[in-house]
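Peer 1: Take this structure, written in structure tokens, and hold onto it; I'll ask about it next.
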Amino acid sequence: MKSTRIMALTAAATMLFAAAPPSHAYRFLQTFSTGRTNNSTPWSEVFCNDPNGFTHWNVANTNWYHNVANKGAGKDAALYNGMNVWSFVPSANHTLTYKGRMSAGFVTDGFNVVSWGTGQGCSTSNGCLAMTALVLNSGQVIIESDVTFNNDWNWTTTGANYDTWAVAAHEFGHTLGVAHTDVGFGPTMYPFYDSGWRSLEADDKSAIQCSQSRYPPTTSCIPDGGVTDGSIGCCSGYTFGSYTNSDGTFSICASVGPGGCAAAGGVDDTLSTTSCCSGSAVSGSTRCLNPNDYSNGWATCIHTCN
């Protein structure tokens, strides 16, 4: 189990203050335990060439769900943006797809879920902001992951403390098997909280690229709502929106083609290229591939259909 902290809790903690950092780079989570990780799981943080390997997924796409109970209301878009910074990394096929909401929590149930709560060893007294758990098969293969945000802290979507997008980007790195870096305050995977975590730095990108090089994941199609750069196709065969950043040009995988209606749980674009068959979308589920499109044209924005 990894946590983001003000002060270190476990190998995946995020912290608010630190001593002068050493000059090493990205690391990966290593454990020979199977099943669900917790605070007593023995962890090592190792380099990419470690002969004993490290935790990793065998599949390129992971579907994520959000339990909005407690302080999760209004945080869908921030979580989506935190996922996308990892999906944007060039020469890495890992895609984190936001699939909507569900009532599941921080438990082993076959679903990857972000939830909000207290306990699980993540508390204000030990400075824990958020925590990630992995579920592992033999060979250090990740088959499920969950993230819990500490409900006792103040959470924002504005960049003020504590910024949901920033902490989500850090925790989603842990869900991919990436440990803390020692390179300094810049990278998102540095263990001490920084609102600048909204974007990945070279050290972060190198980590997931190296992981993929050592453990090439099985690639298939990207599901509805996922992000593609065109190298892997969408399961539906349709895309909408286009967003170019320093990593490349990306589109959103649509549920249906132009003029079609998306069923419950599908995605509809906010510019009415498609529609929801029900005539309504889940309140608060709007999210934009290009963060600058929020309330500014909505060109790359989607929402989940009721």
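Peer 1: Any idea which residue in the range 261-277 is nearest to residue 101 (Cα to Cα), counting only those that are of a type outside the set (A, V, I, L, M, F, W, C) and in a loop (DSSP other than H, G, I, E, B)? Please lay out each step first, then the result.
Peer 2: In the first step, residues of the range 261-277 are kept if they are of a type outside the set (A, V, I, L, M, F, W, C); the result is 265-266, 268-270, 272-275.
Filter once more, keeping what is in a loop (DSSP other than H, G, I, E, B): 265-266, 270, 272-274.
Working: 265: 9, 266: 12, 270: 19, 272: 22, 273: 23, 274: 21 Å.
Filtering the range 261-277 for residues that are of a type outside the set (A, V, I, L, M, F, W, C) and in a loop (DSSP other than H, G, I, E, B), the one nearest to residue 101 (Cα to Cα) comes out as 265.
Peer 1: Within the range 150-187, how many residues turn out to be in a loop (DSSP other than H, G, I, E, B), at pLDDT 95 or above and either touching a Lys or Arg at 6+ places or on another chain (Cβ under 8 Å) or not assigned by TED's automatic domain parsing to the domain that holds residue 126 (or both)?
Peer 2: Of the residues in the range 150-187, 4 are in a loop (DSSP other than H, G, I, E, B), at pLDDT 95 or above and either touching a Lys or Arg at 6+ places or on another chain (Cβ under 8 Å) or not assigned by TED's automatic domain parsing to the domain that holds residue 126 (or both).
Peer 1: Sticking with this structure for a sec: Which ones in the range 121-153 are under 20 Å from the mean Cα position of the chain (by Cα) and not hydrophobic (A, V, I, L, M, F, W, C)?
Peer 2: Scanning the range 121-153 gives 132, 140, 144, 145, 146, 148, 150, 151.
Peer 1: What is the number of the single condition among (1) of a type in the set (Val, Ile, Thr); (2) under 30 Å from residue 44 (Cβ atoms); (3) part of a loop (DSSP other than H, G, I, E, B) that residue 208 does not meet?
Peer 2: Of the numbered conditions (1) of a type in the set (Val, Ile, Thr); (2) under 30 Å from residue 44 (Cβ atoms); (3) part of a loop (DSSP other than H, G, I, E, B), the odd one out for residue 208 is (3).
Peer 1: Counting only residues that are over 22 Å from the mean Cα position of the chain (by Cα) and at pLDDT 95 or above, which one in the range 265-296 is surrounded by the most Cβ atoms within 10 Å (Cβ to Cβ)? Give the derivation first.
Peer 2: Restricting attention to the range 265-296, the residues satisfying the condition of being over 22 Å from the mean Cα position of the chain (by Cα) are 270-281, 295-296.
Among the residues that remain, those that are also at pLDDT 95 or above are: 274-281.
On the way: 274: 24, 275: 16, 276: 20, 277: 17, 278: 14, 279: 9, 280: 12, 281: 19.
Residue satisfying both the conditions and the ranking: 274.
Peer 1: Among the listed residues 183, 85, 114, which satisfies the condition of being aliphatic (A, V, I, L, M) and free of Cβ contacts under 8 Å to residues at least 60 places away in the same chain? Before the answer, list the steps.
Peer 2: On the way: 183 fails: free of Cβ contacts under 8 Å to residues at least 60 places away in the same chain; 85 fails: free of Cβ contacts under 8 Å to residues at least 60 places away in the same chain.
Just a single option satisfies the conditions, and that option is 114.
Peer 1: Right, next: Can you tell me which of 199, 251 is closer than 23 Å to residue 79 by Cβ, modelled with pLDDT of 95 or more and within 19 Å of the chain's Cα centre (by Cα)?
Peer 2: On the way: 199 fails: modelled with pLDDT of 95 or more.
Unique residue meeting the criteria: 251.
Peer 1: Conditions: (1) farther than 30 Å from residue 292 by Cα; (2) in contact with an Asp or Glu (Cβ under 6 Å, 6 or more places away or on another chain). Residue 49 meets all but one. Number of the miss?
Peer 2: Residue 49 satisfies all of (1) farther than 30 Å from residue 292 by Cα; (2) in contact with an Asp or Glu (Cβ under 6 Å, 6 or more places away or on another chain) except (2).
Peer 1: With respect to residue 197, determine if the residue is part of a loop (DSSP other than H, G, I, E, B) and aromatic (Phe, Trp, Tyr).
Peer 2: No; evaluated as a whole, the condition is false for this residue.
Peer 1: Of the numbered conditions (1) over 24 Å from residue 194 (Cα atoms); (2) modelled with pLDDT of 95 or more; (3) surrounded by 21 or more Cβ atoms within 10 Å (Cβ to Cβ), residue 137 satisfies every one except a single condition; which is it?
Peer 2: Unmet condition: (3).
Peer 1: Next question, about the same structure. What is the number of the single condition among (1) of a type in the set (Ser, Thr, Tyr); (2) touching a Gly at 6+ places or on another chain (Cβ under 8 Å); (3) crowded, with 23+ Cβ neighbours inside 10 Å that residue 157 does not meet?
Peer 2: Condition (3) is where residue 157 drops out.
Peer 1: When both residues are 6+ apart or on different chains and their Cβ atoms are under 9 Å apart, which pairs have a first residue that lies in the range 54-68 and is in contact (Cβ under 8 Å) with a residue 24 or more places away in the chain and under 9 Å from residue 95 (Cα atoms), and a second that is assigned to a strand (DSSP E or B) and aromatic (Phe, Trp, Tyr)?
Peer 2: Taking only residues 6 or more apart or on different chains, the pairs are 63/98.
Peer 1: Which of the residues spanning the range 67-85 are of a type outside the set (A, V, I, L, M) and under 14 Å from the mean Cα position of the chain (by Cα)?
Peer 2: Pass one, the range 67-85, residues of a type outside the set (A, V, I, L, M): 67, 70-72, 74-76, 80-82, 84.
Residues satisfying the conditions are 75, 76, 80, 81, 82, 84.
Peer 1: If I ask for residues that are of a type in the set (Gly, Ala, Ser), surrounded by fewer than 17 Cβ atoms within 10 Å (Cβ to Cβ) and in contact with a Cys (Cβ under 7 Å, 6 or more places away or on another chain), which ones from the range 235-264 would you list?
Peer 2: Scanning the range 235-264 gives 263, 264.
Peer 1: Right, another one. Hey, does the range 143-165 have a residue that's among the polar types (S, T, N, Q) and closer than 19 Å to residue 53 by Cβ? Walk me through how you get there before you give the answer.
Peer 2: We begin by selecting, within the range 143-165, every residue among the polar types (S, T, N, Q); these are 145, 148, 150-151, 154, 156-158, 161, 164.
Retained after the next criterion (residues that are closer than 19 Å to residue 53 by Cβ): 145.
Looking for residues that are among the polar types (S, T, N, Q) and closer than 19 Å to residue 53 by Cβ, one finds at least one in the range 143-165, hence yes.
Peer 1: Of all residues in the range 230-260, which are on the phi < 0 side of the Ramachandran plot and either assigned by TED's automatic domain parsing to the domain that holds residue 85 or assigned to a strand (DSSP E or B) (or both)?
Peer 2: Within the range 230-260, 234, 239, 240, 242, 243, 244, 245, 249, 250, 251, 252, 253 qualify.
The values are calculated or read from the model by the stated rules, or taken from the named source; none is laboratory data. All values derive from a computational prediction rather than experimental measurement. Cβ atoms come from the backbone with ideal geometry, glycine included; neighbour counts cover every protein chain shown.
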